[in-house]
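The values are calculated or read from the model by the stated rules, or taken from the named source; none is laboratory data. Only a predicted model underlies this, so the values are computations on that prediction, with no experimental measurement involved. Positions of Cβ are backbone-derived with ideal geometry, glycine not excepted, and every protein chain shown enters the neighbour counts. Protein only, heavy atoms only, side chains kept; ligands, DNA and RNA dropped before computing areas. Shrake-Rupley method; radii C 1.70, N 1.55, O 1.52, S 1.80 Å.
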Amino acid sequence: HDMHSHTSLASGPLYLAAGVTSVRDMGNSNRFLLDLLPKAERGEIAQPRITPAGVPEGRSPYSARLGFVPETLDEALGRVRWYADHGYYEIKIYNSMNPDWVAPLAAEAHRLGLKVSGHVPAFSSPDRVVGDGYDAIAHINQLMLGWILDPGEDTRTPLRLTAMARGGALDLKSARVQRTVRAMKRGGVALDTTAVILEQLMLSRAGQVQEGQQAYLSHMPIGLQRYRKRSFVTLKDEAEDRAYSAGFAKVLEVIGMLHRQGVTLLPGTDDGTGLTVQREVELYTRAGLTPAEALRAATLGASEYLGQADRIGRIDRGMLADMVLVAGDPTTDIAAIKRPRMVMRGGTVYFPAEIYAELGIEPFAAPPPLRAAAPETAGIEPVE
């Protein structure tokens, strides 16, 4: 699963090639997504399973325009009902939402059977949104900013990313941090981490290939290689360089701490290549999870959060045929998930090497050898 996706036509084949068979779409054009969903389920286009979240946003000069930007609370409540009527799974509240609207919006969403997740609105706090009814917080930086920023600082601006350079000094045993963690545990509130996008931002250095991209970047078209080798942060001196590195190290510490305390982690990327899902899961192991624990978070754990564990998330009789065959044993070497050989989505077989070759990407592993099954058990049986 990628639990933080923004689906596009291009992302579908890339996800499948990377072994990602399910995504949670966390904000998109309503018209585009409602047109795409039935086509994906009918198999007319190659896409993972898509669980949609609708985005009601507050009105400000910084408003995101992915969904609706209502003028009043009554209008916002009507938009929540619109999302429920159109089959959305949850709503995602964004940065410019009026903090006073969160509780009534969450109550209406829950009344209609929708989950509630999102950013922490500007001038609110993680503790407040947990109390107001969030089922999950989107992005680990949105959580950590509540422990880092001073009152009045505006997270509608790029500060919601650049302030993470302050994170290295954060004391995870402090009362402020542990109060939030206790509230999340008490309310069963999950965290959609997207640590990989912070790694790409905070550790980007012009002309360098950061560790998280070393496994795949040389395989990619030259345009993407050049783009990924740029610096996404402005570094005025070596001290700031060290601050960003320390801040990202603290991100991993937070992931490990939350896992040990029993907070549900949802691996997400805010990206559309699929390759970053593999890195997100690998980062969980860097944070202290075992490979098996990281794999569970990205498979059965994600489907449990989505209420789909009776259909997907594990390989068993009676489940939908979503699975990935990798070159190696990821329970002992998590890097094995970076070498998918065959992917099945609802019984449809894809060979990543074929998809990558068509997209100008050097494949990461060869397809498995195949033989035809006996007529009475017609199908495809991979053999070594």
Would you calculate the separation in nanometres between label points at residue 74 and residue 290, each defined as 7 Å from the Cα along the Cα-to-beta-carbon direction? 5.7 nm
For P(r) over Cα pairs in 20 Å bins from 0, in percent, the choices are (i) 28, 59, 13, 0; (ii) 22, 48, 23, 5, 1, 0; (iii) 26, 55, 17, 1; which was calculated from the structure? (i)
Let me confirm the definition first: pairs of Lys residues in the chain, 8 or more apart or on different chains, C-alpha distance under 22 Å. How many are there? 8
Among residues other than residue 313 whose Cβ falls under 12 Å from its Cβ, what is the net charge (Lys/Arg +1, Asp/Glu -1)? 0
Assign one of three labels to segment 75-155, namely rounded, prolate or oblate, based on the Cα gyration tensor with a ≥ b ≥ c the square roots of its eigenvalues; rounded applies when a/c is under 1.5, prolate when it is not and a/b is larger than b/c, and oblate otherwise. prolate
Give the long-range amide H neighbours of residue 326: residues separated by 5 or more places, or on another chain, with amide H under 5 Å away, using H modelled in the peptide plane at 1.01 Å from N. 341
Which GluC sites (Glu not before Pro) in segment 43-132 pass both tests, a DSSP loop state and at most 13 other beta-carbon atoms within 10 Å? 44, 71
Pop a pseudo-label 7 angstrom from the Cα along the beta-carbon direction at both residue 172 and residue 319 and give the gap in nm to one decimal. 2.9 nm
Contact order normalised by residue count of the chain, Cα under 8 Å, 6+ apart, percent: 16 percent
Cα centre as origin, Lys/Arg/Asp/Glu Cβ charges: segment 286-378 dipole, Debye: 80 debye
Hey, what D do you get for segment 120-190 in µm²/s if you plug the Kirkwood alpha-carbon radius into Stokes-Einstein at 10 °C and 1.306 mPa s? 128 µm²/s
Segment 157-310: relative contact order from alpha carbon pairs under 8 Å, six or more residues apart, as a whole percent, is 31 percent
If you restrict to DSSP beta bridges whose two residues both lie in the chain, what percentage is antiparallel, to the nearest 5? 35 percent
Want the number for residue 236 to residue 59: 0.36 nm per residue separation, take away the alpha-carbon distance, what's left? 60.4 nm
Segment 223-323: trypsin sites (Lys or Arg not before Pro) falling in loop per DSSP and having at most 14 other Cβ within 10 Å: 230, 236, 311, 314, 317
What does the charge dipole of segment 149-293 about its Cα centre add up to, to the nearest 20 debye, if the Cβ of each Lys and Arg holds +1 and the Cβ of each Asp and Glu holds -1? 240 debye
What is the dipole size for the chain, taken about its Cα centre, with +1 at each Lys and Arg Cβ and -1 at each Asp and Glu Cβ, in debye to the nearest 20? 380 debye
Cleavage-rule hits, trypsin sites (Lys or Arg not before Pro), segment 56-145, DSSP coil, Cβ neighbours within 10 Å at most 16: 59, 65
Of 332, 180, 157, which has the most accessible area with a 1.4 Å probe, and how do the rest follow in descending order? 332, 157, 180
